[in-house]
1. Can you tell me which residues in the stretch 338-358 are farther than 11 Å from PRO389 by Cα and open to solvent by 10 Å² or more (accessible area, probe 1.4 Å)?
2. Just checking: which of the helices (runs of 4 or more DSSP H) contained wholly in the stretch 172-278 hold 1 or more residues that are within 28 Å of THR44 (Cβ to Cβ)?
3. If a residue must be in a strand (DSSP E or B) and more than 30 Å from VAL224 (Cα to Cα), how many such residues does the stretch 603-630 contain?
4. Between a first residue in the stretch 130-145 that is part of a loop (DSSP other than H, G, I, E, B) and a second residue that is open to solvent by 10 Å² or more (accessible area, probe 1.4 Å) and among the β-branched types (Val, Ile, Thr), which pairs have beta carbons less than 9 Å apart while being 6 or more apart in sequence or on different chains?
5. May I ask you to say which residue of GLU187, GLU166 is acidic (Asp, Glu), modelled with pLDDT of 95 or more and surrounded by 22 or more Cβ atoms within 10 Å (Cβ to Cβ)?
6. Tell me the helices (runs of 4 or more DSSP H) entirely within the stretch 469-555 that contain at least 3 residues that are under 20 Å from GLY262 (Cβ atoms).
7. For the stretch 283-322, which residues satisfy the criterion of being outside any helix (DSSP H, G or I) and among the basic types (Lys, Arg)?
8. Given the conditions (1) crowded, with 24+ Cβ neighbours inside 10 Å; (2) farther than 30 Å from GLN458 by Cα; (3) in contact with a Lys or Arg (Cβ under 9 Å, 6 or more places away or on another chain), report the number of the one that LYS316 does not fulfil.
Amino acid sequence: MKPKSTQLGILVFLVYAVTVSFCQVEPVEHIGVEESNPAYQTFTDFFACKRLVSTEGPIGCGSERDGSRGKLFGILSNADLEGFLENNALTERAIYLDSTFFNASIVSSLIDTNRVSALLVKPAGSAPASFSPAPVSTFSAGDGLSSLLIPFPVILLSPNRTEAIESRIQSNIERGYEDKTWQHAVEIDFYNGKTTADSQFCLDNDRCDPLGGESIWGAIGDVVREDKGSVMITTHIDSNAVFHDLTFGAASAASGIIAVLGAVNALEPHRAELAGLNRQILVGLFQGEQWERLGSRRFVFDVSNGCALEKDGKCKSPYASTLEWTRVNLSNINDVVAVDQVGGYFANVASLYTHVSDSSNLRSGTLAAELQAQGGTVGLSVSPGQQSPPPSPLSSFLESDLFSGGGVVFSAYNKSFDEVNPLYQSRFEKASTNVTAQLRDIATVIARTAFTRASEGQTPGISALDIEADFETIRQLEFCLTVDFACDLVAEYFNTTTEVVRGAQSSDIKTNRRPDGEALPPLFYTSIFTPQTRITSNKEKESIPSPTLLESFIRVFVADNSKPVQPTVEGTCRSDSDCINNFQGVVTCNDTFPTSLACVRRKCICSSIHFHHAYSPSLLMDIDDSGVAEYEILQNGVDTLVWLEPRYELPNLKLFQMSDNRTSVQMMILAALFTLSTYVLLSVLISRLKNTKYHLD
């Protein structure tokens, strides 16, 4: 039998252990968030603001490497805001912010306190009358929220999560925000890199990918002929928002795409006549225009410098899967029409406007006059704009010394974007109505203008009035690009079902898990440039386009509506490579390159519509010996920032209750006192009972 002192020691230790385990709650700063926490809850159905880096530094949001934690504090009124800003005792707070306060001014004031560790934005019940987080510019009335560097994570909650947050905040209020014990708190894990990183640092440490994707360009009705002059119709296919997964861009992106695709469709029945014109009609839908116009700048840069290394019908420097772009001669491009924000989804459009690149340029003036005249043929008012053109694909052509043609930006705004789009580049830029008839007329004006300019000095077999955009095609395009991308038209062009499209569409959402079956337009955020790079069996390095769903749809739609008048190749396909590999020696598409064979609607066709890699012209892409793309920032005289996106894991949010160090120390002291009292009590009991007949000691 053990001595009584040993028994007493074991008993005291057990009492102490039980007491500590019952009383002590470790501070979250020490142990993180434990699932055993009495108020623990986690979810991922929210949208997170991401961080981007450029050669000048980062913008956007992100957590600390091991997550950002803070006690919940609600700012739902001006009084709440003032109370927080004036009370320096409120530190390490996760702010629950009403949507009406989510703007650059208030977020900047929260950053300046150095007392905010996370920001949870309450979803708005309805869209505001006006709000734009875009950077301030001559045309944009944005407040610059999307270009702020925010040193903590920012998330937009789902509506079904607000009750859980607000009930916890109410508990904190009842206990007192300054109370240090049992405060409800959150932890957000969404590390997006350092707040001091730039593009060079990110590339050196292999932690980022270039912003970009694939632009779509080509000739309508014929192959590209370098000896011909040309008229080029352009637009951008991207937009932006603070929460990239909510970049709906109905007016800022979709309306221009619909108008250009509608114009291409209007010209489709007349491809034979177009091929016989002295000038050809080119089309360019450029990716990444919100980020230093990287799509159009890359295209102009490559065309200007040509292919430095050609092999087997492909270019190895810069990497490209086709050579047809080498036929483009910038000095032979006579006119460029840049279509920008032509849909009146958020404001009435009484007139369209022509913004001339150079009033002294004769071709710019006559191009604007032609657009105005063709507007009259459909009853559409088109007037001279009072501002010089905003940044657009046209700007990239004007920067080149090789381009001497005319250019016009064709838009629904005159002096400022907010005239037609008061929700420019915000998460609220989602169409709730349609403007099909208006877009049909605009597409008709664009198509007729392009035809008239391409047929100058000729008497073709048709007139401009024979060209008219199709209302039903515009209606379908509008529905697919502003309401539900998993639509019948997209499914038809992909030769699949709407269910398959919807499933594939979910991969475009990077920071949220959404309910299955939710109808959504495509996301117009640029995303990252991720071509398929590889080493072939004969040791050649290749870079193959890896387009998004939106880029793929635009390409197949334009290719199908602009293909040269030649028979479709018999046989099915799943990719362009199938057509090239199976029919390269069998079919000659006019006198073009064999890579002009394209897989469209599961059929091999002759096409002059191609992808062109869209990434910064200040980046050099190479492929290492294992087939992985690598990038180097160049000092090549191209005055442009290099934008990259850090790699990240899916963000996570956890709710829990926390205490501070003082609370834990207090509990440990109480546990020690309780243990000491227990020891004294047991000693007394043992001394009293040791002489009983039962020997209870």
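1. Result: GLY344, TYR345, PHE346, ALA347, ASN348, VAL349, ALA350, SER351.
2. In the stretch 172-278, the matching helices (runs of 4 or more DSSP H) lie at 199-204.
3. We begin by selecting, within the stretch 603-630, every residue in a strand (DSSP E or B); these are 603-606, 609-614, 619-623, 629-630.
With more than 30 Å from VAL224 (Cα to Cα) added as a condition, the list becomes 630.
Counting residues in the stretch 603-630 that are in a strand (DSSP E or B) and more than 30 Å from VAL224 (Cα to Cα) gives 1.
4. PRO133/VAL242; GLY142/VAL136; ASP143/VAL136; GLY144/VAL136
5. Testing whether each residue is acidic (Asp, Glu), modelled with pLDDT of 95 or more and surrounded by 22 or more Cβ atoms within 10 Å (Cβ to Cβ) leaves just GLU187.
6. Values: elements: 471-482, 488-493, 498-505.
So the answer is 471-482, 488-493.
7. ARG293, LYS311, LYS314, LYS316
8. Going through (1) crowded, with 24+ Cβ neighbours inside 10 Å; (2) farther than 30 Å from GLN458 by Cα; (3) in contact with a Lys or Arg (Cβ under 9 Å, 6 or more places away or on another chain) one by one, LYS316 breaks only (1).
The values are calculated or read from the model by the stated rules, or taken from the named source; none is laboratory data. Values in this document were obtained by computation on a predicted structure and should not be read as measured data. Cβ atoms come from the backbone with ideal geometry, glycine included; neighbour counts cover every protein chain shown. When the accessible area is computed, the model is the full protein with side chains, heavy atoms only, and any ligands, DNA or RNA have been set aside. Shrake-Rupley method; radii C 1.70, N 1.55, O 1.52, S 1.80 Å.
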